[in-house]
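Just so you know, all these numbers are worked out from the coordinates, no wet-lab data involved. Since the model is a prediction, treat every value here as computed from it, not as a measurement. Cβ placement follows ideal geometry from the backbone for every residue including glycine, while neighbour counts extend to all protein chains displayed.
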Amino acid sequence: MLIVGNQKAYLKKEKIEEFVKYFKDKDVSSVVIIPSIPFINEFNKTNFLLGSQDVSINTDDNSTGEVTASQLKSLGVKYSLVGHSERREFFKEEKETLIIKINNLLEEDIIPIYCVGETKEEREKNKYKDKVKLQIEEVLNGITAKRENIVIAYEPVWSIGTGLIPKVEEIEEIMDSIKKIIKEKYKYNVKVLYGGSVNANNIEELSRVKDLDGYLIGKASTICEDFLKIINKS
Ligand code: PGA
């Protein structure tokens, strides 16, 4: 199971230090922690795997204000999110940008966790499978090398931060269709994570989802006890 904690912009310096202290001696060597970029280095005091929430589209040193894939690599970053719905919505990131970001990461041997998922309206209109298929194909078609390193995170937009989660069978249905699309079209066995309101209370229910490869956890990954509980129950 791949457990990934996306801490977004929740924690400031003092809370990061508390979090690091709590996890310092815990065995979390197969868990990926994704703090805000300025705090990544602090997590070298733990044995978490390191991830980034974003990467620059630029690779050039003349990129004021940006963090390039090669800089992330030098920090020991192994994974990076791409295409999170908050980046798509607030920063208007579209396929062209996402393709460049994924290529930059793959070039530095950082594993992209490519996020896809439908809105509430698309779910209600029964368009969720088409939406996810489109998001996968429009980006993966633009990746030529090392494509098989890309992990997919299925995160329904209506579930992120709302406390709502799809039914176990609904997650299984979409996992299955993502795995099929990728196997048939891109010829590899993709790892698929579920994300959206995963917490210490619903982790047992979610663990019934067949063939799930892991979780992408937001808010609950910022609360030490809850995150540890999720890790231990996964
Ligand atoms: P959430 O966020 O767990 O707080 O819903 C998940 C995510 O946005 O990755």
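Results, tabulated for the structure shown:
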read-out: Any hit, the stretch 110-126, residues being among the basic types (Lys, Arg), away from the ligand (no atom under 16 Å from the Cβ), surrounded by fewer than 19 Cβ atoms within 10 Å (Cβ to Cβ) and in a loop (DSSP other than H, G, I, E, B); value: yes
read-out: Subset of the stretch 206-234 (residues that are surrounded by fewer than 16 Cβ atoms within 10 Å (Cβ to Cβ), of a type in the set (Asp, Glu) and either over 26 Å from Glu137 (Cβ atoms) or in contact with a Ser or Thr (Cβ under 8 Å, 6 or more places away or on another chain) (or both)); value: Glu225
read-out: Scan of the stretch 74-96 for residues that are closer than 15 Å to Ile57 by Cβ, surrounded by fewer than 22 Cβ atoms within 10 Å (Cβ to Cβ) and within 16 Å of the ligand (Cβ to nearest atom), ordered by number; value: Arg87, Arg88, Phe91, Glu93
read-out: Options Ile16, Ile34, Ile99, Ile40; residue that is more than 16 Å from the ligand (Cβ to nearest atom), among the β-branched types (Val, Ile, Thr), within 28 Å of Thr144 (Cβ to Cβ) and surrounded by 14 or more Cβ atoms within 10 Å (Cβ to Cβ); value: Ile99
read-out: Among the candidates Ser70, Ser63, Ser80, residue that is in contact with a Leu (Cβ under 6 Å, 6 or more places away or on another chain), over 21 Å from Leu228 (Cα atoms) and polar (S, T, N, Q); value: Ser80
read-out: Selected residue (only one of Ile181, Ile203, Ile160 is over 14 Å from the mean Cα position of the chain (by Cα), buried (at least 17 other Cβ atoms within 10 Å of the Cβ) and closer than 26 Å to Asn149 by Cα); value: Ile181
read-out: Single match in Asn58, Asn104, Asn62, Asn149 (criterion: within 25 Å of Lys187 (Cα to Cα) and surrounded by fewer than 18 Cβ atoms within 10 Å (Cβ to Cβ)); value: Asn149
read-out: Search result, residues across the stretch 1-15 that are out of contact with any strand residue (DSSP E or B) (no Cβ under 8 Å at 6 or more places or on another chain) and within 20 Å of His84 (Cβ to Cβ); value: Lys8, Ala9, Tyr10, Leu11
